[in-house]
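The values are calculated or read from the model by the stated rules, or taken from the named source; none is laboratory data. Everything quoted here is computed from the prediction, not taken from an experiment. When we count neighbours, we look across all protein chains shown, and the Cβ atoms used for this are built from the backbone with ideal geometry, even at glycine. With ligands, DNA and RNA removed, areas are computed over all heavy atoms of the protein, side chains included. Shrake-Rupley method; radii C 1.70, N 1.55, O 1.52, S 1.80 Å.
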Amino acid sequence: MPTIVLNGEPRPTSEGQSVADLLRELGLDARQVAVERNRDVVPRAEHGQTVLADGDQLEVVTFVGGG
C-alpha cells in the first residue's frame with residue numbers, strides 16, 4: 001500500500017488516488033485549500049489529474065477568512 005506524508009504525518013493511500021480524492025476523503029472543500037506536492041503547488045484545476053505516488057510529500061493549507 002502506498003504511503004504519503006501529509007502535513008508531516010505518514011498516511012496510507014490507495015493506488016491511483018488523486019489529490020481531489022484525498023481532499024474528499026479528508027472532508028475538505030478544494031476551493032478553500034492550497035495543496036503543495038513535493039514543494040510544488042498543485043493548481044486547483046489539476047487536483048483531479050494529479051495522482052499521488054508512494055513517498056509524495058503533501059502540505060494542505062486551509063484558507064481562513066477574517067476582517
Exercise. Which ones in region 30-67 are at pLDDT below 95 and among the charged types (D, E, K, R)?
Worked result: Arg31
Exercise. How do the pairs read when you match residues in region 19-33 that are more than 16 Å from Glu46 (Cβ to Cβ) with residues anywhere that are open to solvent by 20 Å² or more (accessible area, probe 1.4 Å) and among the aromatic types (Phe, Trp, Tyr), using Cβ under 7 Å and keeping only pairs 6 or more apart or on different chains?
Worked result: Gln32/Phe63
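Got at least one residue in region 14-24 being touching an Asp or Glu at 6+ places or on another chain (Cβ under 7 Å) and surrounded by 15 or more Cβ atoms within 10 Å (Cβ to Cβ)?
Step one: filter region 14-24 for residues touching an Asp or Glu at 6+ places or on another chain (Cβ under 7 Å), giving none.
No, there is no match, as no residue in region 14-24 is touching an Asp or Glu at 6+ places or on another chain (Cβ under 7 Å) and surrounded by 15 or more Cβ atoms within 10 Å (Cβ to Cβ).
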